[in-house]
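The values are calculated or read from the model by the stated rules, or taken from the named source; none is laboratory data. Only a predicted model underlies this, so the values are computations on that prediction, with no experimental measurement involved. Because the Cβ atoms are built from the backbone with ideal geometry, glycine has one as well, and the counts that use them run over all protein chains shown. Please note that ligands, DNA and RNA were not included when accessible areas were found on the heavy atoms of the full protein model with its side chains. Shrake-Rupley method; radii C 1.70, N 1.55, O 1.52, S 1.80 Å.
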Amino acid sequence: MSAYFFERIIEGSFDDVEQRITSALKEQGFGILTEINVQGVFKNKLNIDFRPYKILGACNPNFAHQAISAEPNIGVFLPCSVVIQGLDNGRIKIAAVDPVASMMSVENAKLGELAGAVQTRIKKAVEAA
C-alpha cells in the first residue's frame, strides 16, 4: 500500500463497484459531494476514448466541520478523493486518499487526531466495497 492512498482491486462491473464503494462510504458516514466522470470529460473535450474512470469527492460533514474549525484553509484538502477506474484485465480498482499522509504538511496537532479517525473510516470503506 502506498504512503498516500489505499487501494483495492475488485471483480465486477464498473457501475456495481461504484455502487459498492458509495454504499460503503455511506456506512462510514460519508456522502458523495462531487463526481467527476474523467472518461466522459476526455471524450467530450478531447475526443479521446479512455477507460472508465471516476473521481468521487467523499465528505463526512462532522469531520469536515471539525477540520475547518481547527484550520480554516484546510478546505484545499477536502473532500476526500476516491478514484474508481477500469483496468485492462476487466477488473476495477478503487483508490482513496490517506488523510493522515495528506495532512502531514499541515502543522496543526488537532488535525492529526482527526485525520486518523477519517483514515480509519476511509480504509474500512475501501476494504468493505
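On the stretch given as the stretch 42-70, residues that are in a helix (DSSP H, G or I), open to solvent by less than 70 Å² (accessible area, probe 1.4 Å) and among the aliphatic types (A, V, I, L, M) total 3.
The number of residues in the stretch 19-40 that are more than 19 Å from GLN119 (Cα to Cα) and either surrounded by 14 or more Cβ atoms within 10 Å (Cβ to Cβ) or touching a residue at least 12 places away in the same chain (Cβ under 8 Å) (or both) comes to 6.
If we scan the stretch 94-106, do we find a residue that is in contact (Cβ under 8 Å) with a residue 60 or more places away in the chain, part of a loop (DSSP other than H, G, I, E, B) and buried (at least 19 other Cβ atoms within 10 Å of the Cβ)?
Yes, the stretch 94-106 contains a residue that is in contact (Cβ under 8 Å) with a residue 60 or more places away in the chain, part of a loop (DSSP other than H, G, I, E, B) and buried (at least 19 other Cβ atoms within 10 Å of the Cβ).
Quick one: would you say LEU78 is modelled with pLDDT of 90 or more and under 17 Å from VAL38 (Cβ atoms)?
No.
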